[in-house]
Amino acid sequence: MKMLPRLDSPRKTLPFLLSLALSGAVPAAAELPSTRATFQQVTTPHFRVVGDVAPRKLVEIANRLETFRAALVLLKPQVRADASVPTIVLAFPGDRAIRPYLYLDGRSAKGFSGVFAPSRWGNYLVFDALAGEDPLQSIYSGYMHFFLNENYPRAALWLRRGLGEYYETFRIGGRGIEIGRPKDGHVRYLSQGWVHPLEQLFAVTRESREYQDPDRLGIYTAHCWAVVHYLMIGGEGLAPRVPELLGRLDRGEPLAAALPAALGLTVAELEAKLREYTRKPIFQFRVFAAADLDAPVAAAPVSLSRREALIALGEYLAHVGAADAAREHLDAALALEPGNGDALALLAFLRGESGDTDGARELYDRALAAGVQRGVSALHAAQFAWESDRVAADGKEGGSTPQAAALAAARRALELDPESGEAWLIVGRIALAEERGAEALVALTNAQRLLPGRSDVVHARFRAALAAGQPVVARGIASGPLASLDPALAAESLRYLNEKEAYEVDSRLAAEIDRAVAEERWSEAIDQLSAAVTQARSPEMRAQFAARLENLRTWRAAQERIDGYNRASAHARARRLTQARGELDPVLAGCPAQDEEELCKLARELDRWLREAGRGR
């Protein structure tokens, strides 16, 4: 049987084949598994393997996948490299058994021995467990690309292509675990000489002739493989530095700067070494002992009832868009156990996907009332409640409606699967909508940990940090992970944060000044205004404070003259002429000769009286 084409093949790609499935180019109905089938499940820290194969075989499959993943983790050591969604493996005993579940192109899918089907709710590895020496060979490449997307989402095409080829020859054999075994086709191309200058190789995109032309693609792919092979095996001491190179590139650092910083090589120096390296007639590969990779070991198999198996298969079919086939499996499960909450929840999901909101709500209510035991069932209910409540709230004045149903379902999802990033996201968004900032920040921190490549999640956490009164944390989020994922959104977020901080600083200055004025602490108010003119963050507030300072100084000077006149008048009435003169002279000094201001008139009259009183002594 043929293997599944590589994920990034330009002529027949997996995403293209999946799009056919989602647009309806799939069989109208699915054949249910035989009643004699005995499905079992094996779990590991990173995979859930379900299949109608011998228990020993199922354990072997689970352990091989964990070993392959451990080999991939070499690309990101000392960093938690988790998947944002669960990975479910469906193993079938032969071509006839798997054929109803290869939902790609109905006319040709039966020719493949396995598919890697990513979805928002889980990644599905579906394969014929009896195909060839290593039946997983058909899905290693797809899983590798998923791993790369999760951990280095901005990896360039040459790197994706090279790593895909490097890991595609992964083997577990008598000698140990082999990684990087060369392909004969690559060796043949490279034996003709190095024809791709590195700068040209690194600049190739999916629209380039090198990628689109089948005759050029083989040469391009061989060169990409050679670069990765040299970095991982051929270059002395380079392999431990590759994760740093990947990290720098993923953060958006230009290759011309990242290469010297991470590997100590310029592009020209690396090209010279590659030209020499590819002249070799033989390429080595790495062999690891199992202990070197420290992969987790699978637990003992657990038998699944026919109902449980039908629901597991129905979930996969529902998530890859095979709605009719999914319904057949779920209806069969309900025939075995009427009112099963998980089957009802998946049927509700299908109703919602078809646009039947009322039907979906009714089924979700029934599912939750009956009780769900699968995390994805509760998650679907939470997502439906969250989205439908938000839509309903759009037409209402004064904000969103209560999210009690969504919150309850999301919390149930977390009880069943504490590592559900989507469930944490819903909990966080509801807390944010209800202005519970600290709670939102905790939930969205978990969501970002589990969904690190989602800019919407990172931005929600930025907003939660602000709501929790932690602007320093918010700034770190915007300038760090958000800037890596979405520079434009990060710039907008930082601009908003700067404006918010400026408003808060200026508001605090204004409040302190208002307090001093209200308490008639005039000198203090003038000092505060003088400082605020330079301390205010916004130009508008600096101008307002300057105008207010001038007005207060003018008013205060006028008030001091009035107070001086009143004191002079009081001294005069008490016949304290010397003291009266001392208070009055500063008032007169502020009166122009022709000033007809009332105060000046009174001051001049008092001046004349004092003069006459002085002569009368």
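Check R241, R286 and return the single one that is under 20 Å from L72 (Cβ atoms), touching a residue at least 24 places away in the same chain (Cβ under 8 Å) and charged (D, E, K, R). Only one candidate passes the filter, namely R286. Restricting region 129-157 to residues that are over 24 Å from the mean Cα position of the chain (by Cα) and part of a helix (DSSP H, G or I), the residue that is nearest to F116 (Cα to Cα) is I139. The conditions of being under 30 Å from N498 (Cα atoms) and among the β-branched types (V, I, T) are met by V517. On the stretch given as region 118-128, residues that are part of a loop (DSSP other than H, G, I, E, B) and either of a type in the set (K, R) or touching a Pro at 6+ places or on another chain (Cβ under 9 Å) (or both) total 3.
Filtering region 274-323 to residues that are within 33 Å of the chain's Cα centre (by Cα) and assigned to a loop (DSSP other than H, G, I, E, B) leaves D294, A295, P296, V297, A298, A299, V320, G321, A322. Before we move on, is T534 closer than 18 Å to A511 by Cα, out of contact with any helix residue (DSSP H, G or I) (no Cβ under 6 Å at 6 or more places or on another chain), assigned to a helix (DSSP H, G or I) and of a type in the set (V, I, T)? Against the criterion (closer than 18 Å to A511 by Cα, out of contact with any helix residue (DSSP H, G or I) (no Cβ under 6 Å at 6 or more places or on another chain), assigned to a helix (DSSP H, G or I) and of a type in the set (V, I, T)), T534 qualifies. Applying a threshold of 6 Å to beta carbon distances and a minimum spacing of six or more residues, or different chains, the list of pairs starting in region 87-99 at a residue that is among the hydroxyl-bearing types (S, T, Y) and ending at one that is outside any loop (DSSP other than H, G, I, E, B) reads T87/N123. When G564, G582 are checked against the criterion of being assigned to a helix (DSSP H, G or I), small (G, A, S), at pLDDT 90 or above and in contact with a helix residue (DSSP H, G or I) (Cβ under 6 Å, 6 or more places away or on another chain), G564 stands alone in meeting it. Checking each residue in region 120-150 for being surrounded by fewer than 24 Cβ atoms within 10 Å (Cβ to Cβ), of a type in the set (G, A, S) and at pLDDT 85 or above picks out only G122. Return the residues of region 236-281 that are among the small types (G, A, S) and surrounded by fewer than 19 Cβ atoms within 10 Å (Cβ to Cβ); say none if nothing qualifies. Once the filter is applied, which keeps residues that are among the small types (G, A, S) and surrounded by fewer than 19 Cβ atoms within 10 Å (Cβ to Cβ), region 236-281 yields G237, A239, G247, G252, A256, A257, A261, G264, A268, A272. If I filter region 151-174 down to residues being more than 27 Å from E207 (Cα to Cα) and among the small types (G, A, S), which single residue comes out as surrounded by the fewest Cβ atoms within 10 Å (Cβ to Cβ)? Ranking the qualifying residues of region 151-174, first place goes to G174. Across region 563-597, the qualifying residues are those that are hydrophobic (A, V, I, L, M, F, W, C) and exposed (fewer than 14 other Cβ atoms within 10 Å of the Cβ), and the one among them that is farthest from D506 (Cα to Cα) is A574.
Just one of the listed residues (A295, A289, A299, A309) is among the hydrophobic types (A, V, I, L, M, F, W, C) and loosely packed, with under 12 Cβ neighbours inside 10 Å, namely A289.
Given the criteria out of contact with any Lys or Arg (no Cβ under 8 Å at 6 or more places or on another chain), over 20 Å from T554 (Cα atoms), at pLDDT below 90 and surrounded by fewer than 13 Cβ atoms within 10 Å (Cβ to Cβ), does E504 qualify? In short, yes.
The single residue among G193, G162, G176, G180 that is of a type in the set (G, A, S) and touching a Cys at 6+ places or on another chain (Cβ under 7 Å) turns out to be G162. For R521, the requirement of being basic (K, R) and over 25 Å from E504 (Cβ atoms) is not met.
The set of residues in region 327-367 that are outside any helix (DSSP H, G or I) and over 18 Å from E387 (Cα atoms) comprises E337, P338, G339, N340. Against the numbered list (1) surrounded by fewer than 21 Cβ atoms within 10 Å (Cβ to Cβ); (2) touching a Ser or Thr at 6+ places or on another chain (Cβ under 7 Å), D52 comes up short only at (1).
Consider A557 carefully, then state whether it is at pLDDT 90 or above and in a helix (DSSP H, G or I). The answer is no for A557. Do we find a residue being outside any helix (DSSP H, G or I), under 22 Å from W386 (Cα atoms) and modelled with pLDDT of 95 or more anywhere in region 397-408? Scanning region 397-408, I find no residue that is outside any helix (DSSP H, G or I), under 22 Å from W386 (Cα atoms) and modelled with pLDDT of 95 or more, so the answer is no. Could you count how many residues in region 203-247 are part of a loop (DSSP other than H, G, I, E, B), within 29 Å of the chain's Cα centre (by Cα) and among the aliphatic types (A, V, I, L, M)? Selection size over region 203-247: 1.
Residues are listed down the side, and each one gets a yes or a no for (1) among the aromatic types (F, W, Y); (2) over 23 Å from A326 (Cα atoms); (3) more than 32 Å from the chain's Cα centre (by Cα); (4) modelled with pLDDT under 90:
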site	(1), (2), (3), (4)
F16	yes, no, no, yes
S23	no, no, no, yes
Q40	no, no, yes, no
V59	no, yes, yes, no
V73	no, yes, no, yes
Q78	no, yes, no, yes
D82	no, yes, no, yes
Y103	yes, no, no, yes
G111	no, no, yes, yes
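Please indicate, with yes or no, whether at least one residue in region 175-189 is in contact with a His (Cβ under 9 Å, 6 or more places away or on another chain), of a type in the set (V, I, T) and either crowded, with 17+ Cβ neighbours inside 10 Å or not in a helix (DSSP H, G or I) (or both). Checking region 175-189: not a single residue is in contact with a His (Cβ under 9 Å, 6 or more places away or on another chain), of a type in the set (V, I, T) and either crowded, with 17+ Cβ neighbours inside 10 Å or not in a helix (DSSP H, G or I) (or both). Checked against (1) surrounded by fewer than 17 Cβ atoms within 10 Å (Cβ to Cβ); (2) at pLDDT below 65, T35 passes all but a single condition, namely (2).
Of everything in region 478-497 that is without any contact (Cβ under 8 Å) to a residue 24 or more places away in the chain and exposed (fewer than 15 other Cβ atoms within 10 Å of the Cβ), the residue that is farthest from E540 (Cα to Cα) is G480.
Of all residue pairs spaced 6 or more apart or on separate chains, those with beta-carbon atoms under 8 Å, a first member in region 35-47 that is more than 26 Å from T67 (Cα to Cα) and touching a residue at least 24 places away in the same chain (Cβ under 8 Å) and a second member that is surrounded by 15 or more Cβ atoms within 10 Å (Cβ to Cβ) and hydrophobic (A, V, I, L, M, F, W, C) are A37/A97; A37/A309.
The values are calculated or read from the model by the stated rules, or taken from the named source; none is laboratory data. Every value quoted in this text rests on a predicted model; they were computed, and no experiment measured them. Reconstructed Cβ throughout: ideal geometry from the backbone, glycine too, with neighbour counts over all protein chains shown.
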